[in-house]
Every structure is written in C-alpha cells, then in structure tokens.
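The next block holds one structure in the form of structure tokens; read it before the comments.
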Amino acid sequence: MKENKQAIVLKTYDLNKEVIPLLNSLPKSYKFSIGDRIQNHLLDLMELLIDAVYLPSREKTPILKKVNLQLEKLRFLFRLLTDFKCISYKKHLYFVEKIDEIGRMTGGWLKSLR
C-alpha cells in the first residue's frame, strides 16, 4: 500500500525536476518573485506528501488537505507566468495537467481514508 502512495511523491519529484530548470530561465523580474514562490510551493508539496506517506492514518487527512491547497496555489502561480508571457499556453496546460493528476491522486487518497 505504501508503494502506491509513494507514486504520488515520485510524480511530485518529477514535476520539480521539470519545473526548476524552467524557473531558472525566467527573466530576473519574475525569477525571484513568482519563480521562487513556485519553487517553494513545489518543494513544500513534495515534503507534505512524504510526511503523509509515513504518518499514521489519523494524521494524514489534514496533511492531504494542505496538499490540495498547495496545488491550487500552484495552478494560479502558473497562470500568472502564462499571463506575463513567461511560459507558453501549451507549457501552462502541460504543467497544470501534471498538477491536476497529483490532485486526483490526492483526492483518491483522501477518499480511501474515510
């Protein structure tokens, strides 16, 4: 069962691997504001999911709710990058789909805890 839950951590890890190099290529005016914010949220997201894998069942729900909140923040931050023309709309859709996939997995995990 733990292996299934670790898959969500690996998806988040892979998203970090893809996004961080992109953030390093942002213009300075966005790299140290929106870019840093996205990077911090992504790393926090990964840490929260690692916590949730290893915590007892009764402590997972609040963590997974925080994960959902982080995902929503990331959606808006990527939208900002798109609106400021730092990334293409195609890239935006790609990253949001990855975020949505993690969100669906989180939702399934939350459902299984009820």
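The values are calculated or read from the model by the stated rules, or taken from the named source; none is laboratory data. These numbers were taken from a predicted model, which means no experiment stands behind them. Cβ: placed from backbone, ideal geometry, glycine included. Neighbour counts: every protein chain shown. Just so you know, the surface numbers come from the protein's heavy atoms only, side chains and all, with ligands and any DNA or RNA stripped out. Shrake-Rupley method; radii C 1.70, N 1.55, O 1.52, S 1.80 Å.
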(Q) What do you get for the angle between helix 57-83 and the principal long axis of the chain? Use alpha-carbon atoms, 0 to 90 degrees, nearest ten. (A) 10 degrees
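Suppose all protein chains stay in the model; what accessible area per residue would a 1.4 Å probe give for the chain, in Å²? Walk me through the numbers on the way to the answer.
On the way: 6880 Å² over 114 residues.
With all protein chains present, the chain gives 60 Å² per residue.
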Q: Pairs of lysines 8 or more apart, or on different chains, with alpha carbons under 29 Å: count those in segment 37-114, would you?
A: 21
Q: Can you tell me the relative contact order of the chain? Whole percent, Cα pairs under 8 Å, sequence separation 6 or more.
A: 29 percent
Q: Using only the C-alpha atoms of the chain, find the volume of their convex hull and express it per residue in Å³.
A: 84 Å³
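Could you work out [θ]222 nm for the chain from helices alone, using -39500 (n - 2.57) per DSSP H run of at least four and dividing by all its residues? Round to the nearest 500 deg cm²/dmol.
On the way: 4 runs with 94 residues, N = 114.
Calculated from helices alone, the mean residue ellipticity at 222 nm is -29000 deg cm²/dmol.
Size of the dipole of the chain about the Cα centre, Lys and Arg at +1 and Asp and Glu at -1 on the beta carbon, nothing else charged, in debye to 20?
Details: 21 positive and 13 negative charges, 46 e Å.
Dipole size: approximately 220 debye.
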Q) Taking +1 at the Cβ of each Lys and Arg and -1 at the Cβ of each Asp and Glu, which of 19, 76, 39 sits farthest along the dipole of the chain towards its positive end, judged by Cα position relative to the Cα centre? A) 76
Q. Helix 89-113 sits at what angle to the longest principal axis of the chain, using alpha carbons and giving 0 to 90 degrees rounded to 10?
A. 10 degrees
